[in-house]
1. One residue is enough: does region 127-137 have a residue meeting the conditions aliphatic (A, V, I, L, M), at pLDDT below 95 and on the phi > 0 side of the Ramachandran plot?
2. Enumerate the pairs (first residue in region 170-184 and at negative phi; second residue anywhere and outside any strand (DSSP E or B) and of a type in the set (S, T, N, Q)) with beta-carbon separation below 6 Å, excluding pairs fewer than 6 apart on the same chain, so at least 6 apart or on different chains.
3. For region 65-123, which residues satisfy the criterion of being touching a Gly at 6+ places or on another chain (Cβ under 7 Å), assigned to a helix (DSSP H, G or I) and surrounded by fewer than 23 Cβ atoms within 10 Å (Cβ to Cβ)?
4. Can you pull out every residue in region 335-387 that is β-branched (Val, Ile, Thr) and over 24 Å from VAL82 (Cβ atoms)?
5. Within region 299-314, is there a residue that is out of contact with any strand residue (DSSP E or B) (no Cβ under 7 Å at 6 or more places or on another chain), farther than 30 Å from PRO440 by Cβ and either of a type in the set (Gly, Ala, Ser) or surrounded by 23 or more Cβ atoms within 10 Å (Cβ to Cβ) (or both)?
6. Among residues belonging to region 399-455 that are closer than 26 Å to GLU187 by Cβ and of a type in the set (Lys, Arg), point out the one that is surrounded by the fewest Cβ atoms within 10 Å (Cβ to Cβ).
7. Taking the criterion of being in contact (Cβ under 8 Å) with a residue 12 or more places away in the chain, over 30 Å from LYS333 (Cβ atoms) and either assigned to a strand (DSSP E or B) or charged (D, E, K, R) (or both), would at least one residue in region 128-139 satisfy it?
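The values are calculated or read from the model by the stated rules, or taken from the named source; none is laboratory data. These numbers come from a predicted model, not from an experiment. When we count neighbours, we look across all protein chains shown, and the Cβ atoms used for this are built from the backbone with ideal geometry, even at glycine.
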Amino acid sequence: MNLTLKHGRMAGCGLLLLLIFTPLAHSAEAIYKAGIAKKVITPSGPLWMAGYGSRNKPCVDKQHDLWIKALALEDSTGHRFVILTSDLCGIPRNLSEPVCRDVMKATGLKRADILMNCSHTHCGPVVAGNLTDMYPMNAEQLEDVRKYTETLTAGMTEILIAALKDLKPANVSIGEGTTRFAVNRREVTPAGVINGKNPTGPVDHSVPVLKVTDMDGKVTALLFGYACHNTTMSYYKWSGDYAGFAQIELEKAYPGSTAMFWIGCGGDANPLPRSMIELCEKYGKELALAVKDVANGKMAPLIKPITSSYSEVTLPLDKLPAREYWEAEVSSKSIANAKRAERMLAKLRAGVPIPTEYPHYPIQIWKFGDQLTWVALGGEVVIDYNLRLKKELPANGMKWIAGYSNDVIAYIPSARVLKEGGYEADSSQVYYGLPTKWAPAIEDIIVNKTLELAK
């Protein structure tokens, strides 16, 4: 891994109320402070890639570098908070919690003030504790993954602290654009729901944008999101996929800036068509263009202080399979199925109950007064949560809903998706090592807690 730390220039927010919708306006007295730091995390040697179960060897090549990036902000009350974005397929709890613990210890921040999101690129490395059962890794390769994850943990901690130390007066503004390459992938067929193409299915084509400029009006950071899987490519090259190309495009357009991508509730959306590098670059440019249209247009200066909240709720699983099921599954030709069965049988033999719930599902909210409510949910969240929360959250201001945040434990299907079945509801749980699918109650549990925190 390249351990070179690269600091972006500081940026931030402030405004003259007279110039609320003037794109290039900046105030003499900033309301916010901002700090930026980033680090290359491209593996330096062979390492298994995460995301596709069909892969059968480590990766040794790259399309472009992978990054972790951090943006810290401080509001007018002195409240500091920081977000980390990453070119990774998943961030498991065993990675995020040690990072947050060390950042909190070093900076005095609370857990609610640290948000960690991954882009869910399927051309990033396997990290320990996330999708490791998908691949036939030998002991040496597993040790390589462990070492990489250890270095990654230290790197994440380092840049989060560095961004917080780099706070300077800045102007911050928010807006939303649109791009349309995301397509719902849950195709209904006579044989059930498949991973295909559903052009009339629910999606969210909005592109949330947070822009940071220095006191001279120069763009120093662009933080943007989109609700779509990063699955254009399935080759053996390290790549941030469309989100990686979008960030590269934006950093070219705004020299000296840092572009950061966070993924929304894209659990059941794909970039379609796909599987060609030309399409991957095209989608990246389309997303970057949507961001530029917002950044160069009318944006709302962020002036309200932030309140942050974080909670973990328990999500129930559905009925567990009987012991006989695991005894049969242990002979499965699927690596993931067999490994999961071995783990469950080991528990039963040791007299340890198989889990019937997951007790640490993370829900986080950053609320900027009546200007913006930003929700961050764990797992691979399907679009229904986005649509429902945007409808049921208080009406004031913009509403941004992130998935893949703080703990990518598994797919998070809605009650509708669970009823319909298909990959997001059923078979995907195998790759995350869960013993069965979720109980339908999880949607109301997550939404009700989110609404409670938003109050």
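1. yes
2. ASN184/ASN198
3. ASN94
4. ILE335, VAL352, ILE354, THR356, VAL382, ILE383
5. So far as region 299-314 goes, no, none of its residues is out of contact with any strand residue (DSSP E or B) (no Cβ under 7 Å at 6 or more places or on another chain), farther than 30 Å from PRO440 by Cβ and either of a type in the set (Gly, Ala, Ser) or surrounded by 23 or more Cβ atoms within 10 Å (Cβ to Cβ) (or both).
6. Result: LYS419.
7. The answer is no; no qualifying residue exists.
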